[in-house]
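See below for the structure under consideration.
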Amino acid sequence: MSEGDGEVERPSIRTATVGPRQAARLVSERPGPTFIAVGGIHGNEPGGIEGALRGVGRLEAVADRLRGEVVVFRGNMGGLAAKRRYHVRDLNRVWNEKVVAVLEEKPREGLDPEEREQIELLEAIRAVIARARGQVYLVDLHTTSAAGVPFVIFGDTLPQRRFVRALPLPLVIGLEEQVDGVLAEYWTRQGCVTFTVEGGQHDDPSSVDNLEAAFMLAVEAAGLVPRGAIDTKPDHDLLEHRRGRLPKVMEVVERHAITPDDQFKMAPGFKNLDHARAGQYLASDKDGEIHAPSDGLVILPLYQAQGNDGFFWGRAVSEARLAASERIRTMKLDRLLRFLPGVKKDEAHPSRFFVDRRIARLYPLDVFHMFGYRRFREQGEILTVERQPG
């Protein structure tokens with residue numbers, strides 16, 4: 001029966017179209033949200049696909065209650081086949097409008113392996129969005145080189161903040177903005193609600209369990225199935241247990257970027273989210289040892305050969321700070337930021353400011369975080385400070 005009106009529900013259409021790119025698809029006759037899951041955008045991380053496919057199997061059992069559409073895509077298929085993170089370029093560092101525009105003008109026969117992957121994935125996701133009958137959600141499912149707990153990364157927009165709170169995992173704000181060209185950020189700008197789940201270590205079987213649980217809770221929170229249609233309490237309990245005593249919400253303060261010439265080596269023993277004390281030895285490079293600047297958190301330490309993020313440095317965020325931030329953003333008080341000394345609004349981009357660092361030393365730049373401005377890029381003495389729209 002339909003909910004509340006006594007009429008017989010129309011049966012759902014179930015499809016599981018399997019191909020090289022599209023791993024699974026479920027569609028209902030009844031309109032509703034669209035949920036896109038991408039796994040294996042790094043070819044040495046197949047766990048996201050396996051976890052999402054397990055989730056699709058559970059959804060098939062209640063297909064008569066499904067609304068909208070669920071699609072699972074493989075990211076870097078060539079990398080997955082070779083069990084490599086990538087061949088020529090990191091497929092999770094190439095998603096911005098300029099790169100996409102150039103890519104679409106290139107002849108297909110001249111594309112390198114990751115460019116071919118990107119254009120195919122781009123077209124596949126666009127096709128799903130074009131037929132959407134409600135809000136589109138996109139999750140990028142990953143695993144990590146370091147051991148540790150699963151956690152969620154998301155762009156700091158209010159809709160995405162509110163959505164990811166349904167997941168009982170540590171939530172990391174500001175990491176997505178530290179790295180240019182990530183998949184989730186690009187699709188946020190296209191109007192999707194997006195987030196990334198780091199499920200655990202690459203070869204740990206429990207990482208697939210974590211990613212399946214996160215997938216199921218997110219599908220339920222998005223409204224594709226009514227609450228109670230599937231028993232997700234074990235999923236919730238699993239992820240709550242995984243979090244342990246880590247803070248519920250934390251934010252990235254700094255990215256330690258590296259190049260192959262840096263001779264970077266992470267200190268052994270750090271988990272993918274781990275506490276560190278002021279002065280603690282974190283890593284070394286050609287210039288010597290790297291120590292923690294204060295008490296804080298090491299996020300995503302690098303323990304594999306490929307990659308240009310040595311680690312991220314973060315700290316816990318209190319509920320009071322989160323609530324205050326949401327209030328001032330709801331009141332649109334960021335219009336007052338232009339009156340800070342040394343700050344000039346970019347009139348061509350409503351979500352961007354230019355900050356003169358010489359003048360801004362008079363106050364903490366952390367004030368921009370309260371308004372969701374977390375993308376800081378240096379150009380000499382001028383900082384470009386930006387947030388995602390939404």
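Label sites at residue 332 and residue 348, each approximated as a point 7 angstrom past Cα along Cα to Cβ, lie 2.4 nm apart. Can you tell me the convex hull volume per residue for region 129-266, based on C-alpha atoms, in Å³ to the nearest whole number? It comes to 134 Å³ per residue, whole-number rounded. When the alpha-carbon atoms of the chain are used, the pair Rg, Dmax equals 21.3, 72 angstrom. Take the Cα of residue 277, step 7 Å along the line toward its Cβ, and report every residue of region 291-312 whose backbone nitrogen sits under 19 Å from that point. The answer is 291-299.
Evaluated over the Cα positions of region 282-338, the convex hull gives a direction-averaged projected area, one quarter of its surface, of 6.8 nm². Spherically averaged projected area of the convex hull of Cα atoms, region 100-186: 7.6 nm². Other residues whose C-beta falls under 10 angstrom from the C-beta of residue 69 contribute a net charge of +4, scoring Lys and Arg +1 and Asp and Glu -1.
Applying both filters, DSSP loop and at most 14 other Cβ atoms within 10 Å, to the GluC sites (Glu not before Pro) of region 221-307 eliminates every site. Taking the accessible area of the chain, probe 1.4 Å, and keeping the other protein chains in place, the carbon and sulfur fraction comes to 53%. Under 5 Å between amide hydrogens, built in the peptide plane, is the criterion, and for residue 24 it picks out 72 among residues at least 5 positions away or on other chains.
Viscosity 1.306 mPa s, temperature 10 °C: Stokes-Einstein D of region 17-120 from its Kirkwood Cα radius, in µm² per second? For these conditions, the coefficient is 107 µm²/s. Per residue, the chain exposes 44 Å² of accessible surface when a 1.4 Å probe is rolled over the protein heavy atoms with every protein chain present. Return the sequence-ordered ³J(HN,Hα) values of region 227-233 in whole Hz as given by the Karplus equation 6.51 cos²θ - 1.76 cosθ + 1.60 applied to θ = phi - 60°, using x for Gly and Pro. Rounded to whole hertz, the list is 4, x, 5, 10, 6, 9, 4.
The values are calculated or read from the model by the stated rules, or taken from the named source; none is laboratory data. Everything quoted here is computed from the prediction, not taken from an experiment. Methodologically, a virtual Cβ is constructed for each residue, glycine included, from the backbone with ideal geometry; neighbour enumeration extends over all protein chains shown. These area figures cover heavy atoms from the full protein model, side chains too; ligands, DNA and RNA do not enter into them. Shrake-Rupley method; radii C 1.70, N 1.55, O 1.52, S 1.80 Å.
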